[in-house]
Each structure stands twice: as C-alpha cells, then as structure tokens.
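Please read the structure below before turning to the comments.
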Amino acid sequence: MMAGSDHPGKAVVLLSGGADSATTLALAQTEGRKLYALSFDYGQRHLRELESAKMVADAIGVKKHLIANFNLREIGGSALTSEIEVPKQRPEAGKRGSDEDQELSGKTSDLSDSRASGPIPVTYVPARNTIFLSFALAWAEVLEAEHIYIGANAVDYSGYPDCRPEYLQSFEQMANLATRASVEGRLAFSIHAPLLFMSKAEIVKTGLRLGLDYSLTWSCYDPQLKKVRKGERFVPCGLCDSCRLREKGFREAGIKDPLSL
C-alpha cells in the first residue's frame, strides 16, 4: 500500500479475467476488504476474457462486478483494438530471466524506462491503464473506497510503460489531487500493485496458495476457435506474448497450466 488508512474498508479491483488480475483479486480478498471488481468491454479483439472475469468474480464472491462499456476501437493504434496482426513468437517476449528478476526485485530506479529492454509491442493499447484506473478512481470515489488494485507487473517483460512503479506512484498522487473526496480530506486513495515485482512463477504459486482456480482465467490475445463434440470453443493460440509468458510462469512453477492443450 502506498498511502491511506490501514482499515480494511472497500476496494475496487481491476479484473481483466487474466491470471495476474485474478491473483490480484485473490490477494485483495486476504486483506478483508469489501471487493468491487471492475472489467471493461472496450472494443478489444475478443471478449473471451470477460467470460473469465465473470467466472473469477463469481468464484471469489465480490460484492459487485461492474463491466464498463466504451469503444477504444474508434481510436485504434493497437493490435488489440484494430486490424493490426497480433505478433506471434516474438523473440523479445519473456526474455527477462531469473538473474534479471533477482536484480529487479524491490528496485524501482532500474525500471524507470522499460523501453530500454526492447521495443514496446503493438499489443500496447494507448493509455489503457490510465483509462482503466480513471474509471476505477471514479467508482472508488462514489463507493468511498480508498483502495484500488491493479495487476501490473514490471518483472516479466511486457514493455508496457503504464506498468512501471513510477507511473503507478504518479497516478496515486494525481488521484489525491483530482477528486473531491480527497481534497475535502474524506478519503486518501491508495493504488495497490501487489504483483509488481513478482515473477510469473511467483504469481502462479501465490494464486494456488490462495486457492485460485486458474482454469477460470484467460490470458490469450488471439483466441482460436476449435471444433469440439458439441460445437466450437475458444482455445489459446499458444504463440502470442501473453500465452508465452503464461506458459513460462506455469512451467517455472512446476505446475501444469489447466488451459494447456
């Protein structure tokens, strides 16, 4: 927690339906807070992740699960919100190994420019975390919830500038300057990113320790329809950055991914 009260209170948790956000929700539950999950239908390439978000929210038992609707496809600029092809088998994806993870653990200064580790991938959605956190902040102010959780991770390589610790610290500072509740002294907002310095394997192990069912989650950027006995269902492509990072996490944790074929 970066600021605010130690009282459990209420929390708004950003929930995409992926492994990281689901683990974050499970961790928030251990704090004894009343949980409000927030997901987004923003014109992304697929909605399979929202099915998982609903299942995870149900399984954990949040007080309310809100899905906000808006269309970032009108802006585009990303493989997730336009017809740009999702890259597969990128050599940069997941390159940060255990030696570098150890060097990064607990340090923010080394992460001041994630772009130095490689180009920002085309799956970056312009200002997405800023948009998502702004929605979360608005809802948190209405709910009088001082705590906002996000599953940002700065260890295993993603290349997204809005997953860096200094970005999250800056957003928290802005949140406490920009809202009526904070200016009037009624609330002090905290941005929590409990996975920030965890490796993917550590995230998986944490979720399993908390009883999280990862078969409910979804990580793939580019799901593929597969014929099954009773019709068709989506399966992970296994080749996009997100699939490869997920596979790396489960493999290094020594656990079989329940979504693997």
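The values are calculated or read from the model by the stated rules, or taken from the named source; none is laboratory data. Predicted model only: the values in this text are computed from it and were never measured. Cβ sites come from the backbone with ideal geometry, for glycine too, and all protein chains shown count toward neighbours. Protein only, heavy atoms only, side chains kept; ligands, DNA and RNA dropped before computing areas. Shrake-Rupley method; radii C 1.70, N 1.55, O 1.52, S 1.80 Å.
Tabulated results
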| item | result |
| --- | --- |
| Distant alpha-carbon pairs in the chain (separation over 29 angstrom), percent | 27 percent |
| Rounded tilt (10° steps) of 48-60 against the dominant C-alpha axis of the chain | 50 degrees |
| Amide hydrogen neighbours beyond the local backbone of K64, cut-off 5 Å, H modeled | A37 |
| Of all accessible heavy-atom area on the chain, the percent that carbon and sulfur account for (1.4 Å) | 50 percent |
| 0 to 90° range, to nearest 10: angle between helix 19-30 axis and the chain longest Cα axis | 40 degrees |
| Total charge dipole magnitude, the chain, about the Cα centre, Cβ charges on Lys, Arg, Asp, Glu only, Debye to nearest 20 | 960 debye |
| Above-threshold pairs, the threshold being 27 Å between Cα atoms, out of K54/K227; K63/K226; K205/K226 | K63/K226; K205/K226 |
| Range of Cα positions in the stretch 127-192 per principal axis (Å), largest first | 39, 17, 17 |
| Accessible area per residue, Å², the chain with all protein chains present, probe 1.4 Å | 47 Å² |
| Percentage, to the nearest whole number, of Cα pairs in the stretch 174-225 over 12 Å apart | 76 percent |
| Three-way shape label, the stretch 4-88, alpha-carbon gyration tensor, a/c 1.5 | prolate |
| Rounded to 10°, Cα long-axis angle of helix 241-253 versus longest principal axis of the chain | 90 degrees |
| Taking the C-alpha atoms of the stretch 163-261, convex hull volume expressed per residue in Å³ | 163 Å³ |
| Bridge type composition, the chain - antiparallel percent by DSSP, nearest 5 | 25 percent |
